[in-house]
Amino acid sequence: MSFKTRFAPSPTGPLHLGHAYSAILAYNMALEAKGECLLRIENTDSTRCRPEWEEQIYSDLAWLGLVWPTPVLRQSDRKSAYDAAISKLSQMGLIFPCSCRRGDIAAAVSAPQEGVSQFGPHGRIYPGTCRDRSLSEERKGDALRLNISKAVDMLTENLIYMETGLDAGQKAIACKNLENTMGDVVLRRRIHGDTAYHLAVVIDDNEQSITHVVRGEDLQDATQIHVLLQRLLDLKIPVFHHHALIRDEEQKRLAKRTDAKALSNYRANGATPDDIRHLVGLGF
Ligand code: GLU
């Protein structure tokens, strides 16, 4: 199996030091393995993605000295592939329409519900309000969600993926407790019918024959959903490497909202690509 990975930013803001670390790490791992590292533009969120951020991504990565095969896959071109996957999951009875808004979910979650965990590591867990609705009742403006318990019950084998360290040693990780960490995730968003990240990412990793996914440890719980979707859709499950996050002086993870650590900011202040490599601990 040859090594193929990808760096997959969303053009919702400027790339920061954390992105540089992730991109350079994936790139170095591919070089080391004599494999390939692709760039993918994850621009399914039509309300937050902007062409100018996409241009900035190309510019910052080229400045860092990273090169990619072209054409670059852009998720905005891939709606029909995502829709086909939703149809398949619908035929399996795993998708339900959901009309809940953020406020409805908050209200339902704060009502006492014995035995049901209300908050997961990523915030409120969807309380299941619309879970019994069938797709024939779908109304304009509904989101589509995955029925997690039903999906997990449908599997006949344990849900496991391989995590690799930087030394290529691997260990098996069992996915567990998806109901209480992620809940019934949205696969098609209410807004503009945009495909949600969880679905788009697995369809494209499969389309691009990605063998290794290199990304931040903040996505470890999301990985469990991805492995579930890969199993349900009969897709190949890549090996994962979840790396530590680059944090600011107060140990907070970097956000696109805070420009201070933006690569463009370092560039404007005269930093070199080597300075960035050293700053993120990947200098020669
Ligand atoms: N588009 C995701 C992000 O910017 C990347 C997720 C991934 O690498 O799978 O966080």
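The values are calculated or read from the model by the stated rules, or taken from the named source; none is laboratory data. In this text the structure is predicted, and so the values were computed from the model without any measurement. Reconstructed Cβ throughout: ideal geometry from the backbone, glycine too, with neighbour counts over all protein chains shown. Heavy atoms of the whole protein, side chains included, go into the accessibility calculation; ligands, DNA and RNA do not. Shrake-Rupley method; radii C 1.70, N 1.55, O 1.52, S 1.80 Å.
Values computed for the structure shown
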quantity: Subset of segment 149-184 that is of a type in the set (Val, Ile, Thr), farther than 28 Å from ILE105 by Cα and not in a loop (DSSP other than H, G, I, E, B) - its residue that is least open to solvent (accessible area, probe 1.4 Å); calculated: THR164
quantity: Top-ranked residue in segment 190-216 [being within 13 Å of the chain's Cα centre (by Cα) and in a strand (DSSP E or B); ranked as farthest from the ligand (Cβ to nearest atom)]; calculated: THR195
quantity: Hey, LEU219 within 26 Å of MET29 (Cα to Cα) and within 16 Å of the ligand (Cβ to nearest atom) or not; calculated: yes
quantity: Residue among SER87, SER59, SER80 that alone is in a helix (DSSP H, G or I), open to solvent by 70 Å² or more (accessible area, probe 1.4 Å) and out of contact with any Pro (no Cβ under 7 Å at 6 or more places or on another chain); calculated: SER80
quantity: In segment 229-284, residue least open to solvent (accessible area, probe 1.4 Å) [restricted to those that are among the aromatic types (Phe, Trp, Tyr) and farther than 28 Å from VAL185 by Cβ]; calculated: TYR266
quantity: Which listed residue is modelled with pLDDT of 95 or more and assigned to a loop (DSSP other than H, G, I, E, B), from SER10, SER2; calculated: SER10
quantity: Sole exception among (1) surrounded by 12 or more Cβ atoms within 10 Å (Cβ to Cβ); (2) closer than 17 Å to PRO14 by Cα; (3) touching a helix residue (DSSP H, G or I) at 6+ places or on another chain (Cβ under 9 Å) for THR47, by number; calculated: (1)
quantity: Count - residues of segment 11-28 that are farther than 19 Å from ALA255 by Cα, open to solvent by 30 Å² or more (accessible area, probe 1.4 Å) and touching a residue at least 60 places away in the same chain (Cβ under 8 Å); calculated: 1
quantity: Lone unmet requirement of (1) within 16 Å of the ligand (Cβ to nearest atom); (2) under 12 Å from VAL214 (Cβ atoms) for ALA33; calculated: (1)
quantity: Cβ-Cβ under 7 Å pairs, at least 6 apart or on other chains, segment 167-195 side closer than 19 Å to VAL152 by Cα and acidic (Asp, Glu), far side open to solvent by less than 70 Å² (accessible area, probe 1.4 Å) and assigned to a strand (DSSP E or B); calculated: ASP184/ARG145; ASP184/LEU146
quantity: Boolean, ASP104 is open to solvent by 10 Å² or more (accessible area, probe 1.4 Å) and within 16 Å of the ligand (Cβ to nearest atom); calculated: no
quantity: Selection status of VAL227, within 16 Å of the ligand (Cβ to nearest atom), β-branched (Val, Ile, Thr), in a helix (DSSP H, G or I) and modelled with pLDDT of 95 or more; calculated: yes
quantity: Scan of segment 160-184 for residues that are farther than 20 Å from ARG215 by Cα and modelled with pLDDT of 95 or more, ordered by number; calculated: ASP184
quantity: Count - residues of segment 230-240 that are more than 11 Å from the ligand (Cβ to nearest atom) and either outside any loop (DSSP other than H, G, I, E, B) or farther than 18 Å from LYS171 by Cα (or both); calculated: 7
quantity: Condition met for LEU187 (surrounded by 14 or more Cβ atoms within 10 Å (Cβ to Cβ) and within 18 Å of the chain's Cα centre (by Cα)); calculated: yes
